[in-house]
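Here the structure comes first, spelled out in C-alpha cells, and everything after it is commentary.
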Amino acid sequence: MELIKGADTARELTARAKEIAGSLPRRPKLVTIRFGEDGSDIAYESSAGKRMVYPADTDPELFFEAFSKVNADPDVDGILVFQPLPPSISAVRLFSEMDPDKDMDCAVPENRLKLFEGRDGVCPCTPEAVMWMIEHAGIELQGRRAVVVGRSLVVGKPLSMMLLKKNATVTVCHSRTKDLAKVCREADVLVAAVGRAKLIDGSFVKEGAAVFDVGINMDADGKLVGDCDISGMEHASYVTPVPGGVGSVTTSVLALHTAEAAAKKLL
Ligand code: NAD
C-alpha cells in the first residue's frame with residue numbers, strides 16, 4: 001500500500017497557477033464570502049485574497065448590495081462562497097446572480113449544467129482535487145469500477161460526473177445504501193465523502209483498490225481524521241491520508257481556478 005500525500009499534486013497545480021498568473025498584467029484576485037466562524041472555512045480562506053465575513057444573522061439586503069458590487073467589479077476574478085449559508089440568505093438567489101465566470105466552485109446553475117452534461121467548464125474544487133490526485137498517481141479510470149460514498153452537491157454528485165467523463169463505471173452510495181461494505185468492495189477506485197470518522201475500514205476495500213478520503217472530521221480526542229481507517233488497508237494499492245491528502249490539494253485547485261478565470265478575462 002502506498003500513501004499518496006497531496007503535497008506533490010498541490011505543488012504541481014500551484015506552479016501551473018503561478019505560471020498563468022505570471023503572464024497576466026495584474027495579480028488574479030479572489031474574494032471569499034463567509035458567514036460565521038467555521039474553523040475549517042477560516043483555514044481554507046487563509047490563502048485567499050479579499051475576505052467578506054458576515055455574522056450569521058446578517059441583513060440579506062445589505063449583504064446582496066455588497067455582493068452585487070463585488071460581482072460587478074472588473075478587478076475581481078473569482079468568488080468563493082462557503083456553504084452552508086444562513087437561512088436568511090437564499091442560495092438560489094446568490095448563485096443565480098453570481099457571474100458564471102467568477103464562480104470558482106461550480107455553484108452557479110449554468111456551470112453545474114455544463115458539468116452534468118459533460119461539457120468543459122469550472123468544476124468544484126474538492127472533487128477536482130480528487131481527480132488531479134488520481135491522475136498524478138497514474139490510476140487508469142476507463143472501464144474501471146469507481147464507488148463514491150456520499151451524494152452531496154459539493155462533492156459526491158459532481159465527482160461521480162467527473163469520473164463518468166473519464167469513462168469509469170460509477171456507483172454512488174449514500175446514507176440509505178444497503179450493505180455499504182459489499183458495494184465498496186466492488187470498487188477499483190473508492191472515494192469516501194461522508195463526514196463520518198473512520199466509517200470505511202479495510203473490510204470495505206478490495207485487494208489492490210485505490211482509496212481517496214475526502215472526509216474531514218474530529219475524533220473524540222479532537223484530532224483531525226478522515227472517513228477512512230487506513231490502518232487496516234494494507235491490501236489497497238493507494239490510500240490518501242487525512243490531514244495532508246485531498247484537502248491539501250483543494251486550495252491549489254482554487255488558486256488555479258482563479259488564475260484561469262483572470263486569464264480568460266485579461267488575455
Ligand atoms: P454532506 O453532509 O453534504 O453529505 C454527506 C453524504 O454522506 C450524504 O450524501 C449522505 O447521504 C452520505 N452519508 C451519510 N452517512 C452515511 C453512511 N452512514 N453511509 C453512507 N453514506 C452516508 O457532506 P459533504 O459536504 O459532501 O462533505 C463530506 C465530507 O467531506 C465531510 O467530512 C466534509 O468535511 C468533507 N469535505 C472535505 C473537503 C476537502 O477539501 N477535503 C471539502 C468539502 C467537504
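Numbers below:
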read-out	value
Enumerated strands (runs of 3 or more DSSP E) restricted to the stretch 1-87, each holding at least 1 residues that are of a type in the set (Val, Ile, Thr) and open to solvent by 20 Å² or more (accessible area, probe 1.4 Å)	50-54
Every pair of residues 6+ apart whose Cβ atoms lie under 8 Å, when the first sits in the stretch 209-224 and is in contact (Cβ under 8 Å) with a residue 60 or more places away in the chain while the second is open to solvent by 20 Å² or more (accessible area, probe 1.4 Å) and in a strand (DSSP E or B)	ALA210/TYR238; ILE216/LEU224
Residues that are near the ligand (Cβ under 9 Å from one of its atoms), free of Cβ contacts under 8 Å to residues at least 40 places away in the same chain, in a loop (DSSP other than H, G, I, E, B) and buried (at least 18 other Cβ atoms within 10 Å of the Cβ), drawn from the stretch 149-186	ARG151
Check on ILE216, open to solvent by 20 Å² or more (accessible area, probe 1.4 Å), touching a helix residue (DSSP H, G or I) at 6+ places or on another chain (Cβ under 7 Å) and under 27 Å from ALA43 (Cβ atoms)	yes
Scan of the stretch 235-252 for residues that are assigned to a helix (DSSP H, G or I) and either more than 9 Å from the ligand (Cβ to nearest atom) or open to solvent by 20 Å² or more (accessible area, probe 1.4 Å) (or both), ordered by number	GLY247, SER248, THR251, SER252
Selection status of LEU199, within 12 Å of the ligand (Cβ to nearest atom) and either at positive phi or open to solvent by 30 Å² or more (accessible area, probe 1.4 Å) (or both)	yes
Filter pass, GLY222 being within 16 Å of the ligand (Cβ to nearest atom) and at pLDDT 95 or above	no
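A quick yes/no check of all residues on (1) touching a residue at least 40 places away in the same chain (Cβ under 8 Å); (2) buried (at least 17 other Cβ atoms within 10 Å of the Cβ):
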| residue | (1), (2) |
| --- | --- |
| ASP105 | yes, yes |
| ASN111 | no, yes |
| GLU117 | no, no |
| GLY143 | no, no |
| VAL147 | yes, yes |
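The values are calculated or read from the model by the stated rules, or taken from the named source; none is laboratory data. Computed from a prediction, not measured in an experiment: that's the story for all the values here. All Cβ positions, glycine included, derive from the backbone under ideal geometry; neighbour counts span all protein chains shown. Protein only, heavy atoms only, side chains kept; ligands, DNA and RNA dropped before computing areas. Shrake-Rupley method; radii C 1.70, N 1.55, O 1.52, S 1.80 Å.
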